[in-house]
Each structure stands twice: as C-alpha cells, then as structure tokens.
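Note sheet for the following structure.
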Amino acid sequence: MFFIRLFSVFILLNSICMLPANADSFIVSDIKIEGLQRLTDGTVLNYLPIVVGDPVDDNQITYAISELYKTGFFANIKLFRDGNALVVRVVERPSISDVKFSGNSDIDDDALKKALKDIGVTRGQIYNRTLLDKLTLELERVYFSQGKYGVKINTEVTELDQNRVDINITISEGEVALIKHINIVGNDVYDDDVLLDELESGVPSAWAVFSSADEYSKPKLNGDLEKIRSYYLDRGYIKFNIDSTEVSLTPDKQDIYITINVSEGDRYRISSSDLTGQLVVNRQTMRSQILTAPGMYFSRSLMTESQKRLKDQMGRIGYAFSEVKITPVIDDEKKEVALTYHVIPGEKVYVRRINIYGNDSTQDEVYRREMRLMEGSILASDLLDRSKTRIQRLPYIESVDVETVPVSGTNNQVDLNVKVVEKLAGSFNIGAGFSQTQGLLFNVGLTQENLFGTGKRLTIDINTDRANTIYSAAYTNPYYTIDGISRTVSVSFRNRDASEELINNFQTNSGDINITYGLPVSEFNTLTLGYGFSHIKITPSSVNPSLDVIAFLASHDGEDTYNSVTLNSSFTHDTRNRTVFATRGSQQSVSIKTTVPGSDLEYYKVSYLTDKYFGITGETVLLLHSNIAYGDGYGNTSDLPFFERYYAGGIRTVRGFESNSLGPRDPVTNLSVGGNLRVTGGADYIFPIPFVEKPPSSVRLSAFLDIGNVFLNNRPTYDASINETGFQVNQLRSSVGISFVWLSPIGPLRFSYAKTLNDVPGDSLRAFQFSIGSFF
C-alpha cells in the first residue's frame, strides 16, 4: 500500500515539473505566411498540417517543418508564435527559367530537352543543386547510347530576378567510338561472315570511306541483335537465343569490341498449320492467306505475315478489330512445331462519322469525295487505305493521317478523323532561267491547284526561250460530274524556231484548243476522251532549208497553212502513291491522237508509257521506265508530218547525248530530222542525299541507265548503213550517270552527269546537262 501511494506522488510531481515545457503550447487563431515570391498562400496552407483552431506544441511544429521541406519548394523554413498566430517564414528555392545548350550538333536541343524532362529538369520546375548531378548523368547516358563516350558536359547556373535561374549546358561531344571487331560465339551452323553481313554495325571495307557502319550506338546494336535473332527464327531455329552481349571500351574511349554469345538450338519443321475459330470468310479463301505449310522449316516472318494477311482478309469486309491468335506446339523429340491460327473476328464495325481537320482553305466536300468510305458504311480496311492514298495524291496536300476512334458506349462503331496538312496550292511566278538547249528562259505564270478551295485547277502561262514563245491556259474540274468524270479545257499558241532546238530548219506558228474528259473506269484505271482543233502555219528557213520541209510543202502544192480536227484518247492504269516523286506503285498509259478524216492533214500517233517503282530498302527505290511512241499518216497524208515527229537525246530521254541529236539527220544541215518511232527506256536507282539526316521532299537524287533512239521509215539513223532503215536494235544509244532534280520555287531544276556507253564518231555528246526553270 505504501508503494502505491509513493508511486502516485511521483506521477503528480512529474506532471508539475513538465508544465514549463508546455508553457508555449497555444491554440492557433491565425496563420501568417512570409517570404513567398512565386507560390501562393494557398499552396503553403495546402501542405501545412496545421489549421486555425488546432492546438500546437513543439512536436507539431517540428512535424510541420518536416512536411513543408518534403515539398522541395523551400530552401529554409521557420515556424514561430506571434501572440496566438502561427508565423510561417520561408525562403523559396529558385525555379528554372530556361535550359540552354551549346556545342551540341549530333543531338539537337529538342531531343536533349526531352531526355531532361523525363527526369524532371524542365522550365518552371524547382531548382536545387542535386539536379545538376542528375542532369549530367542523364545527358551522359544519352550520348553514351550514341557511342559518344568522350563527351564532356559542363553546367553553369545564372541567377535571374524574381528568384529564377537559367541552366547553361556546354557540351563537348567528342568523337564516336568506333567498332574494331564483332565476335559471335556459339554459332556453328552459320559462320561469322554470314551473320555479320546481316548487321548494320561492323567494320567497313577499306574502300567504303563514307561508311558509318563502325560508329557504335546502343539502339543500332539492339537492332542488329534482333536481325540475328530473326535470321535464325526465319530458318527453323525456333529455340535460338542470344545469351549475352559484351561491349568493351578501350581506356582511351575510342575503340569498341563487341562479343555476342548465342545458342543456336535445333532446327524445326512445321508439322501442321491449322485454322480454327469463327470463319466469317470461306475457309478456302482464309487458308490461302496462310504461308506456313507442313514440311517447310519454321519461319517467324512467314508466321507473322500469315497472321497479318488473315486479319486483313477479315478487315476488308468490316471486321476491323479482329484478332488472330497463334498457338505453336513444339515437339522436341521429332523437332517439329504445329501451328494453330485461331480466328476471333469480333463484331463488324461501321463508320459513324467522318471528321475533316486541317482543311483551312479547302471545302470538306473536296476531301470527302476522295474517301472510299461513307458515314454508315462498314469499315473496310482496304478502302480506308485507298482513301488515304487518294487524298495524299492531291497536289495541295503535304501529308494526311486517318485516325480510327472507337465510339464511346459501343463496340461496333468508329469515327474517322482525317487530319490533313495542306501546302500552298496557288502561285504567281515571274522568273527566268537558262537551259543548254533552250537558252535564256522567261516565264510568267499563274497556277492554282485548288481554286477557291474547290479542288479545281487553273493555269495561265507565258513561256519564252530562244526557240519558243508559248501562251497557254487550262482549266480542270476533277469532278465535272458527281460520278468523278473530269473535264479539262485548254488553249495554247506557240511560235517555234526549230533550228534553235538543233533540229530541222523551219519555223511554225500554231494554235490549239482542246476539251478532254476523264472517265474513272475503276479505282486505278482511267479512260480519257477528247477532241480539239489545231491550226499551224509553216515557214521554211531562208538559209539552208531542210529537204524534208521543202518536200513536204511541195507534196501539198506549196500550201503552208493547215487546219485539223483532232481526237485523242488514253487509257491509264495508275497505282502510284504520289503523282510527283512516287516511291511505290506503277503507271501504264496507252494514248492515241488522230486527226479526223477530211482534215487538211490526216495522221495518227500512238504511245505506250510505263513507270514501275520497286522499294529496295526503306529509303531506296528502283524505277524502271519505258516510252514507245509511233506515228504515221493515213488517207491523203502519206507520212507523219515532219513537225509532229519524235526526238531523243538530252536530259529527259537519253542523257549524255545532246538534246534532240539522235536519229536520222538532214544531209544538208546535218541536224536531226526526228523520226516516226521513238524507243526509250532505262532504270533509275533513287537514294537519299548523303550526309543529310532529313532531305527535303522536293529533292531527288538517283543513279541512272538510259537507252533509246528515234527511227524513221525508209531512212537510216545516223551512222547506220543505207539498208538499216526503221527500227534497229543495234542503233539504240545508252548511257549511265547521276541525276539531281529539285522542284524549286522558280520551277523544276534538273542536273545530270552522264557517261555514254556506245556512242559513235559524230554523235553530239554532252556529259553535264542541266535545265533551270524550263517548262515540261
């Protein structure tokens, strides 16, 4: 009992002794905040764990200070009592006003700012000194991934008013570390040379002085590892694995040695390729989309392509969100794999609404009529792709993107958001240029590809050079009828001195008016039909007149003026992705022009043109092209009139030969007289401009092979024997070279350098040829 009383007295005395420690405790009647510059009182109060009316003691004040420091907003914080008010006095950390870079050339500012943003270093963020170390490490990581191990980064902080700072980053990028050797370990089936040929990285040959294959970067190495993996998986090695990759850097940070450890595993054949699930397309059609067949070695690329083809097949009939799940069953004992393609079509999807964005100067109707889908129609994937291509082919479109947006609350409807980026559709040009063939050029032109936002085209041009003066105008309505029939009305007047074009000595004054209709036969085929009236007056040269001109006028009783009614038609199959600088697809065109019987001159002209584009790599394209044209007279006109003949040689037919110089020649003037048959063709290998990261879309560089000539009935070409008249294969001239084309604001600029392959003495050659501002 005594001890209980003693303990009670101890507790009481202890409580009395603690009263002075809590003497400063108080009830908060007000909160005052001092020292803020950017932040608001509300921000501080939001983080402060004390409100008016709370009792406060030392422990709560300590806790409050800790909570405010956690925000990272403050460099210093003090809390004290002023009467019954709680005073919060703070010193804010500065904010980052801007992050500036200097010395960086390989990686631009935007890429570096994006990397820093990922770690919280950006404008408006709170600055503290620990950020500098974090910033430096992140920038080093970015440069190391590009092989720049010698990079040096210096940071400087500049204090500004209003408690802000600028961070100035000076970068010395250094040189890219070069790969000295790549060693592949564990490969028995395929030797190093075979596998290394698949890689983008490596040690270039001695002659490849401009190669960047030996420049190391982590993304490029990761891509190469995937290429090795794909190489094996496409050849049956289904259990192939890359065990490890070692990248060794020499002490001077200049050379890199790479070791890739692989396990090849066994080679597996396909035992079966089964198709299961709900088949919304007949089984035979769906089976035809599967490329993996029993007995062949397993191929991952063929498997994924089969999966894509099955989904595309269902997408064509509206199952846009279909799935194809592949289940491989591996039999390690038999070294076989059984594939099952399980089809889940889902629901048929419909287009609820089509929205056009970005058409600031073009009517919605212009784009909607190019769409092969309508509101309410099924979402057919092939028609969606074709709609995008048709819009992209419009001459006033820079780019187009079609986004498929599911409609909220449904699983079978989408909205199509068509986002276009338009380029200038109209231009008024006053310019001059020079051509080796046509001399000084002058042109005044008005072109509007999108007249008043209707998609109609209007051109008015005046072009002059030493050989021609041309006045022309044309108006095209691409949708003259609602069915897509186009109509073009054109008129032109031309004064021509042919001798200035290095062909027959004669002058003409001519005028033409034509009306042409384009009828879309199918999505890729167009039939054009037209008629017109042609007037021409011929004046033979007063000095060394051409024998052809004299003979022609004599055969028509000296008449020098001719009027003709013309009919023209053509059939074109065009699958190109662009009308200018295409990269895929083809164009084939057959055209016929004839004068109607009873015209002063009766003749016809037939031509066949082909252009075929093959994608070789992601950035290179092979173009194969040919042009065969033939003309002749009929009725009262025995031959094709001399002023309608074809010519070859020069920058647009067979480069390396003087313009219009090929074919038969006049025995008096030694100038080309042209022919009634022209055969030209060739190949262009189109590739990106070296050392330019993003070449402009208006520029094209290519290596070419040209071949061709013109031929005339009953007359040999130049240097052919007297008996070799008409077409002769051995008389085709050819050349190889480099070409550069730029669609500049002043007109098309063409440059070429060619080496002729089979020229003969007397041929007119010109290795370097150019045309600036000339008309086509």
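The values are calculated or read from the model by the stated rules, or taken from the named source; none is laboratory data. Here the structure is a predicted model, which means the values were calculated and not measured. Here the Cβ is made from the backbone with ideal geometry for all residues, glycine too, and neighbour counts use every protein chain on show. Ligands, DNA and RNA are stripped out before the accessible areas are found, and what is left, the full protein with its side chains, is counted by its heavy atoms. Shrake-Rupley method; radii C 1.70, N 1.55, O 1.52, S 1.80 Å.
Take the range 222-270 and flag every residue that is assigned to a strand (DSSP E or B) and open to solvent by less than 20 Å² (accessible area, probe 1.4 Å). Hits for the range 222-270 are ILE256, ILE258, ILE260, VAL262, ILE270.
So that you can scan it fast, the table gives a plain yes or no per residue for (1) assigned to a strand (DSSP E or B); (2) farther than 30 Å from PRO251 by Cβ; (3) in contact (Cβ under 8 Å) with a residue 12 or more places away in the chain:
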| position | (1), (2), (3) |
| --- | --- |
| GLY174 | no, no, yes |
| HIS181 | yes, no, yes |
| ASP188 | no, yes, yes |
| GLY202 | no, no, yes |
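No other residue among THR653, THR617, THR610 is assigned to a loop (DSSP other than H, G, I, E, B) and under 26 Å from SER569 (Cβ atoms) apart from THR653. The residues of the range 465-485 that are open to solvent by less than 40 Å² (accessible area, probe 1.4 Å) and farther than 30 Å from VAL366 by Cα, listed by number, are ASP465, ALA467, ASN468, THR469, ILE470.
Note down all Cβ pairs under 7 Å where the first residue falls in the range 451-463 and is touching a residue at least 60 places away in the same chain (Cβ under 8 Å) and over 14 Å from PRO395 (Cα atoms), the second is of a type in the set (S, T, N, Q) and open to solvent by 30 Å² or more (accessible area, probe 1.4 Å), and they're at least six residues apart or on different chains. Every condition considered, the pairs that remain are ASP461/SER472.
When residues in the range 570-585 are screened for being crowded, with 17+ Cβ neighbours inside 10 Å and modelled with pLDDT of 95 or more, 2 of them pass.
Would you mind stating whether VAL366 is modelled with pLDDT of 90 or more, open to solvent by 60 Å² or more (accessible area, probe 1.4 Å) and within 25 Å of LEU446 (Cα to Cα)? Explain how you work it out, then say what you get.
Details: modelled with pLDDT of 90 or more: yes; open to solvent by 60 Å² or more (accessible area, probe 1.4 Å): no; within 25 Å of LEU446 (Cα to Cα): yes.
No.
Could you please find all residues in the range 656-668 being hydroxyl-bearing (Ser, Thr, Tyr) and out of contact with any helix residue (DSSP H, G or I) (no Cβ under 8 Å at 6 or more places or on another chain)? Spell out how you get there, then give the answer.
From the range 656-668, those hydroxyl-bearing (Ser, Thr, Tyr) are 659, 661; that's our starting set.
The one that is hydroxyl-bearing (Ser, Thr, Tyr) and out of contact with any helix residue (DSSP H, G or I) (no Cβ under 8 Å at 6 or more places or on another chain): SER661.
Listed by first and then second residue, the pairs with beta-carbon distance under 6 Å, at least 6 apart or on different chains, first residue in the range 399-423 and surrounded by 14 or more Cβ atoms within 10 Å (Cβ to Cβ), second among the small types (Gly, Ala, Ser) and modelled with pLDDT under 95, are LYS419/GLY358; VAL420/GLY358. Here the range 620-650 is the region considered, the condition is being assigned to a loop (DSSP other than H, G, I, E, B) and of a type in the set (S, T, N, Q), and the residue that is farthest from the chain's Cα centre (by Cα) is ASN636. Going through (1) part of a strand (DSSP E or B); (2) among the aliphatic types (A, V, I, L, M); (3) free of Cβ contacts under 8 Å to residues at least 40 places away in the same chain one by one, ILE536 falls short only on (3). Where residues in the range 351-380 are of a type in the set (Lys, Arg) and in a loop (DSSP other than H, G, I, E, B), which of them is farthest from VAL414 (Cα to Cα)? Among residues in the range 351-380 that are of a type in the set (Lys, Arg) and in a loop (DSSP other than H, G, I, E, B), the one farthest from VAL414 (Cα to Cα) is ARG369.
Scan the range 68-85 and give yes if some residue there is loosely packed, with under 12 Cβ neighbours inside 10 Å and out of contact with any strand residue (DSSP E or B) (no Cβ under 9 Å at 6 or more places or on another chain), otherwise no. Yes; the residues of the range 68-85 include at least one that is loosely packed, with under 12 Cβ neighbours inside 10 Å and out of contact with any strand residue (DSSP E or B) (no Cβ under 9 Å at 6 or more places or on another chain). Taking the range 662-672, which residues are out of contact with any Lys or Arg (no Cβ under 6 Å at 6 or more places or on another chain), surrounded by fewer than 24 Cβ atoms within 10 Å (Cβ to Cβ) and either part of a loop (DSSP other than H, G, I, E, B) or of a type in the set (Ser, Thr, Tyr) (or both)? Of everything in the range 662-672, those that are out of contact with any Lys or Arg (no Cβ under 6 Å at 6 or more places or on another chain), surrounded by fewer than 24 Cβ atoms within 10 Å (Cβ to Cβ) and either part of a loop (DSSP other than H, G, I, E, B) or of a type in the set (Ser, Thr, Tyr) (or both) turn out to be ASP666, PRO667, VAL668, THR669, ASN670, LEU671. Considering the conditions (1) modelled with pLDDT under 85; (2) under 37 Å from the mean Cα position of the chain (by Cα); (3) farther than 19 Å from TYR646 by Cβ, ASN723 is excluded by exactly one of them, (2). With respect to (1) under 30 Å from TYR190 (Cα atoms); (2) free of Cβ contacts under 8 Å to residues at least 12 places away in the same chain; (3) open to solvent by less than 70 Å² (accessible area, probe 1.4 Å), the lone exception for SER288 is condition (1).
If only one of ASN713, ASN676, ASN709 is open to solvent by less than 60 Å² (accessible area, probe 1.4 Å) and touching a residue at least 60 places away in the same chain (Cβ under 8 Å), which one is it?
On the way: ASN713 fails: open to solvent by less than 60 Å² (accessible area, probe 1.4 Å); ASN676 fails: touching a residue at least 60 places away in the same chain (Cβ under 8 Å).
After ruling out the rest, the residue left standing is ASN709.
The set of residues in the range 217-265 that are among the small types (Gly, Ala, Ser) and over 21 Å from GLU140 (Cα atoms) comprises GLY223, SER230, GLY236, SER244, SER263, GLY265.
Any residue at all in the range 155-168 that is more than 29 Å from THR71 (Cα to Cα), open to solvent by 30 Å² or more (accessible area, probe 1.4 Å) and not aliphatic (A, V, I, L, M)? Checking the range 155-168: not a single residue is more than 29 Å from THR71 (Cα to Cα), open to solvent by 30 Å² or more (accessible area, probe 1.4 Å) and not aliphatic (A, V, I, L, M).
Contact annotation: residue pairs with Cβ atoms under 7 Å, 6 or more positions apart or on different chains, pairing a residue in the range 227-254 that is within 12 Å of GLU198 (Cβ to Cβ) with a partner that is of a type in the set (Phe, Trp, Tyr), are ARG229/PHE240; TYR232/PHE240; ARG235/TYR297.
The set of residues from the range 749-776 being part of a strand (DSSP E or B), open to solvent by less than 60 Å² (accessible area, probe 1.4 Å) and either at pLDDT below 70 or closer than 22 Å to THR717 by Cβ (or both) comprises ALA754, THR756, GLN769, ILE772.
Looking only at the range 726-748, filter to residues that are assigned to a loop (DSSP other than H, G, I, E, B) and modelled with pLDDT under 85; which one of those is least open to solvent (accessible area, probe 1.4 Å)? Looking at the filtered set, the residue picked out is GLY726.
If we keep just the residues of the range 541-567 that are assigned to a strand (DSSP E or B) and surrounded by 17 or more Cβ atoms within 10 Å (Cβ to Cβ), which is farthest from the chain's Cα centre (by Cα)?
So in the range 541-567, the residues assigned to a strand (DSSP E or B) come out as 561-567.
Applying the additional criterion that residues be surrounded by 17 or more Cβ atoms within 10 Å (Cβ to Cβ) yields 562, 564, 566.
Numbers: TYR562: 49, SER564: 46, THR566: 41 Å.
My answer is TYR562.
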